[in-house]
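Asks: Take this structure first; my questions come after.
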Amino acid sequence: MNQLFSLLHLEEVGAGGLFDFGATLPLLALQFVILTVVLNGLLYDPLLNTINDRNDYIVNNLSEASSLIKEASSITEKYELDLQSAKKQIQLDIIKSQKKQKEVWDLELQNLQQTYNTILRKLNVKLLDSRIQTLLYLDKKIDTIGSEILGKLYQILFNIKSHSFLN
């Protein structure tokens, strides 16, 4: 049996061997070319088209996103500038308001000071009048008391003189 296999094996190898170029090789080459064309037409081209469409879609979305980012950054920049100018304007308004409030406060303080000065002058005049009236009253009272004292002294002196003449 072993011999039979070796004979069969020798027979196959001897019939053309490794370099047998019959009709099989061109048929295999033709089959390879047809299979390549079919696979290119049915699988690879649609797949490549889909990949290219997807790449175009991604590139378009990226360019739109880039333009939107640029637009958003320009809008942000504009609003930041507007915000800064608004802050400056508000600070100026606050300073103006503080100055105006200070002016109003100073004016009210001056008016109040004038009112107090007027009241103080009136009180001083009243006090001076009251003092003068009190001094005049006291002068009159002093004069009256002085007259009474003098009258009593005269009376005492008169009594003493009349007593001395009588004795």
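Asks: What length, rounded to one decimal in nm, is gained on full extension from V38 through to K152, with 0.36 nm per residue of separation minus their alpha-carbon distance?
Replies: 24.9 nm
Asks: Keeping to pairs on different chains or 8 or more places apart, tell me how many lysine pairs in region 22-166 have Cα atoms under 23 Å apart.
Replies: Here the count comes out as 16.
Asks: A further question follows. Distances longer than 19 Å among the Cα atoms of region 22-166: what percent of all pairs is that?
Replies: 84
Laboratory data are not the source of any read-out in this text; all were calculated from the coordinates shown. Just so it is clear, the structure is predicted and the values come from calculations on it, not from any experiment.
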